[in-house]
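Written out below as structure tokens is the structure these notes cover.
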Amino acid sequence: MTQLPVNGCQILTLPVRSDERGSLVALEAGAPLPFELKRAYYIFGTPAGAERGFHAHRALIQCAMCLAGACTITVDDGSERADVRLDTPGKALEIGAMVWHEMRDFTPDAVLLLVADAPYDECDYVRDYDEFLRLARS
Ligand code: TYD
């Protein structure tokens with residue numbers, strides 16, 4: 001586990017079980033996930049140059065990992081910013097509550113899996129960066 005300078009964000013090294021048949025990663029609440037999984041969604045078929053995210057969540061905690069290909073996620077807590085390249089299925093990025101995040105530089109084959117601790121709720125989104133800064137600094 002590597003703590004990032006951005007509050008609520010860390011890089012998790014997932015336990016990869018490899019043998020002559022290939023590799024397997026299991027995601028369970030508690031370990032390696034730091035929360036109870038309530039939702040999973042994945043992003044794929046991302047065209048060259050496309051960028052996603054550009055929001056924060058008031059309460060949601062998520063972990064992101066690239067199951068195939070690679071992408072970069074920028075995380076920002078209102079004072080610190082970091083870029084994390086997800087380029088192996090054994091690496092996950094925890095994105096805490098009130099972390100602005102942007103996803104870019106997807107390879108054409110990228111499949112980005114996100115697991116979250118709550119169901120989808122549009123009210124949990126902060127989509128305006130200035131509002132995010134106001135909330136993050138208050
Ligand atoms: P959007 O928030 O724009 O994706 P991103 O954060 O990657 O830019 O979501 C795209 C659409 O999918 C939007 O209509 C909301 C919907 N959606 C769900 O229905 N459930 C979910 O869990 C997520 C993440 C999105």
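The values are calculated or read from the model by the stated rules, or taken from the named source; none is laboratory data. These numbers were taken from a predicted model, which means no experiment stands behind them. For neighbour counting, all protein chains shown are included, and Cβ atoms are generated from backbone atoms with ideal geometry for every residue, glycine included. With ligands, DNA and RNA removed, areas are computed over all heavy atoms of the protein, side chains included. Shrake-Rupley method; radii C 1.70, N 1.55, O 1.52, S 1.80 Å.
A few remarks follow.
- Within the stretch 118-131, the presence of a residue that is within 14 Å of the ligand (Cβ to nearest atom) and within 11 Å of the chain's Cα centre (by Cα) is excluded.
- Here M103 qualifies as under 30 Å from E131 (Cα atoms) and either touching a Leu at 6+ places or on another chain (Cβ under 6 Å) or within 12 Å of the ligand (Cβ to nearest atom) (or both).
- Close Cβ contacts (under 9 Å, 6 or more residues apart or on different chains) running from residues in the stretch 43-60 that are within 24 Å of L135 (Cα to Cα) and basic (K, R) to residues that are open to solvent by 80 Å² or more (accessible area, probe 1.4 Å) and more than 9 Å from the ligand (Cβ to nearest atom) comprise R58/C123.
- Looking across G53, G78, G90, one residue alone is within 14 Å of the ligand (Cβ to nearest atom), of a type outside the set (D, E) and surrounded by 12 or more Cβ atoms within 10 Å (Cβ to Cβ). It is G53.
- The number of residues in the stretch 58-75 being closer than 27 Å to G30 by Cβ, more than 12 Å from the chain's Cα centre (by Cα) and open to solvent by less than 50 Å² (accessible area, probe 1.4 Å) comes to 1.
- Only one of A26, A59 that is at pLDDT 95 or above and away from the ligand (no atom under 16 Å from the Cβ): A26
- Output for the stretch 104-122, where each listed residue is closer than 24 Å to A48 by Cβ, open to solvent by 10 Å² or more (accessible area, probe 1.4 Å) and touching a residue at least 40 places away in the same chain (Cβ under 8 Å): R104, F106, P108, D109, V111, L113
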